[in-house]
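In what follows, a single structure is set out as structure tokens and then discussed.
The values are calculated or read from the model by the stated rules, or taken from the named source; none is laboratory data. None of the values given here were measured: they were computed from a predicted structure. No Cβ is skipped: glycine too gets one built from the backbone with ideal geometry, and neighbour counts run over all protein chains shown. Each accessible area value is taken on the protein alone, full model and side chains, heavy atoms only, with ligands, DNA and RNA left out. Shrake-Rupley method; radii C 1.70, N 1.55, O 1.52, S 1.80 Å.
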Amino acid sequence: AKYKGVPYKFGGTTPKAFDCSGYVQYVFGQHKARLPRLADAQCLEGIFVLKKDLREGDLVFFTTYEPGASHVGIYIGGDKFIHTSFSQGIVAIGDMNDSYFVQRYYGAKRVL
């Protein structure tokens, strides 16, 4: 949440600007957890988690601009996740129950 409000930039990997997978990779890296750079590769890490079993820190994936896992965020509890919001242009809190995300939910992984 420390990076909430940081600008969105496709390909961004630092607190100056993030894209979704760059944000996740950076945050996990701050906690000594290595993740691949892109959302589709991050989706191959860890263990599969059912939506009903999500815990804080799990990665949640969505199909957005291309088929498969093309967007990723970090679950923070209460059906919320933190991610880079393309529409808002910043790191923001998303709602898993928002119709946009419900229709595009791809799955979740636990990597920690």
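Taking each DSSP H run with n ≥ 4 as -39500 (n - 2.57) and averaging over every residue of the chain yields -4500 deg cm²/dmol at 222 nm. To put it simply, the accessible area of the chain at a 1.4 Å probe is 55 percent carbon and sulfur. Here's the picture: a label point sits 7 Å out from the Cα of LYS80 along the beta-carbon direction, and within the range 27-53 the residues with their amide nitrogen under 20 Å of it are 27-28, 51-53.
Neighbours of THR14, meaning other residues whose beta-carbon lies under 15 angstrom from its beta-carbon, give a summed charge of +3 when Lys and Arg score +1 and Asp and Glu score -1. Ligands, DNA and RNA are left out, and with a 1.4 angstrom probe the accessible area of the chain is 56 Å² per residue. Accessible surface for ILE47 stands near 100 Å², nearest 10, in the context of the full protein assembly shown (1.4 Å probe). With the simple model of a label 7 Å out from the Cα in the direction of the Cβ, HIS31 to LYS4 spans 1.7 nm. The simple Förster model, with R0 at 35 Å and r as the Cβ-Cβ distance, assigns LEU38 and ASN97 a FRET efficiency of 0.85. The coefficient of translational diffusion for the chain, derived via Stokes-Einstein from the alpha carbon Kirkwood radius under 25 °C and 0.890 mPa s, stands at 181 µm²/s.
Restriction of the trypsin sites (Lys or Arg not before Pro) in the range 1-104 to DSSP coil positions whose beta-carbon has at most 15 other beta-carbons within 10 angstrom yields LYS2, LYS4, LYS9, LYS16, LYS32, ARG34, ARG37, ARG55.
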